[in-house]
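The structure appears below as structure tokens.
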Amino acid sequence: MNSKPHYNTHKLTLTKPSKKSQFYSDDGESTTPHSINSFKQHKQEFQTDDSDCGTPISPSGKTPQKPQQSKFKPKPSTIQQLFTNTAKNVLQNKQTHSDAELKTQKQYEVSVKNHPFRHLIFGESVSETTLKKHLLLTQRGLIYATKCLKGPSDQFIKSRQVEVPKEENKSKVLLLDLDETLIHCCGSKEQAQVNINQISFNVRPYTNYFLNKLSQVYSIFVFTASSPSYASIVVDYLDPDQTKIIGIFSRNHCMETKNGFFIKDLRTLKDIDLSSTLIVDNLAHSFGLQIDNGIPILEWNSDEKDEELKQLAEYLIRASQVEDVRIFNRENLRLRELINYQL
């Protein structure tokens, strides 16, 4: 069934990071949040982008029933023999399970290493479960984009276009998602690294390294399905000196479909060269209208050992040196092949 985007017709403007007041986090890093009113009055403004698509639902297993205890008790004379036999069985089973687990682990390592789409997780180590979940989520987004998603007309796109600042000596543009890509917005029961204006979030490992390195060769923008207020607060923390991230495209720059998905149509960025533009997002449907420009990244919640941004930086450095990033992506990521791959 085709899903047609639902659009608003108001004029769009680019949000720029602001420096209104200087704050300091617990670890001493400077932040520059926006000056805002109470969170309750602006609850809608702080909506993050984790509502635009669900992740694969893992089947919930039923609570196992407790085994009924035997009605029959062993005679006192047989208790010692039962203990001896039980001990032997436990030792034998433990050895059997250990061998089986080791064999299974080796099989997992081989299957992950040789998987035709192992490259879609950039980190050096990954479990089979994590790989399969990431591929399933990415495949779902790609199938939706190619089978269900219909882009708006060129005339409508023209009415929605927004000016994009240009940087001298940088021919490539990099668009970065926020939630589950660069940061994770924490719930009330989660421990957060950063708390600013009643917004709590954790920053993905190597984010600062990633921004520092890539801002040398790319004009970097944040493109998120979150609200402008929320995005500005986070970006002001990530780039307090405003030297790495040029601006923010937020929810009002996205195309919302009838079923509530937010699509980041790159054509709304005026005079942008798609052969020189890349977008990184943990949800593949977000760049579904320009698949060859997109790089799906493993969604991040709390893994402190995560190295996706560190490894992805190397890929993006290589991409910055090619004439057409779409061809580079097609040859290296092979996302269109994943659509019909049997997971």
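Quick rundown of the values:
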{"quantity": "Among (1) among the acidic types (Asp, Glu); (2) in a loop (DSSP other than H, G, I, E, B); (3) surrounded by 13 or more Cβ atoms within 10 Å (Cβ to Cβ), the one test that residue 323 misses", "calculated": "(3)"}
{"quantity": "Count of the stretch 128-167 residues which are farther than 30 Å from residue 220 by Cβ and either surrounded by 13 or more Cβ atoms within 10 Å (Cβ to Cβ) or touching a Phe, Trp or Tyr at 6+ places or on another chain (Cβ under 7 Å) (or both)", "calculated": "3"}
{"quantity": "Some residue of the stretch 148-155 being of a type outside the set (Gly, Ala, Ser), touching a helix residue (DSSP H, G or I) at 6+ places or on another chain (Cβ under 9 Å) and closer than 25 Å to residue 309 by Cα", "calculated": "no"}
{"quantity": "Answer residue from the stretch 229-256, given it is at pLDDT 95 or above, aliphatic (A, V, I, L, M) and under 21 Å from residue 163 (Cβ atoms) and is farthest from the chain's Cα centre (by Cα) among those", "calculated": "246"}
{"quantity": "Candidate set: the stretch 194-228, residues that are of a type in the set (S, T, N, Q), under 21 Å from residue 301 (Cα atoms) and at pLDDT 95 or above; chosen: the one surrounded by the most Cβ atoms within 10 Å (Cβ to Cβ)", "calculated": "224"}
{"quantity": "Test for residue 171: is it modelled with pLDDT under 95 and closer than 30 Å to residue 340 by Cβ", "calculated": "no"}
{"quantity": "Test: residue in the stretch 295-314 that is over 24 Å from residue 211 (Cβ atoms) and either aromatic (Phe, Trp, Tyr) or more than 18 Å from the chain's Cα centre (by Cα) (or both)", "calculated": "no"}
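Residue by residue, here is whether (1) surrounded by 20 or more Cβ atoms within 10 Å (Cβ to Cβ); (2) closer than 19 Å to residue 154 by Cβ; (3) under 12 Å from the mean Cα position of the chain (by Cα); (4) not polar (S, T, N, Q) holds:
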| site | (1), (2), (3), (4) |
| --- | --- |
| 258 | no, no, no, yes |
| 262 | yes, no, no, yes |
| 267 | no, yes, no, yes |
| 280 | yes, no, yes, yes |
| 283 | yes, no, yes, yes |
| 286 | yes, no, yes, no |
| 289 | yes, yes, no, yes |
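The values are calculated or read from the model by the stated rules, or taken from the named source; none is laboratory data. Fair warning: this is a prediction, and the values are worked out from it, not measured in the lab. So basically every Cβ, Gly included, is an ideal-geometry build from the backbone, and we count neighbours across all protein chains shown.
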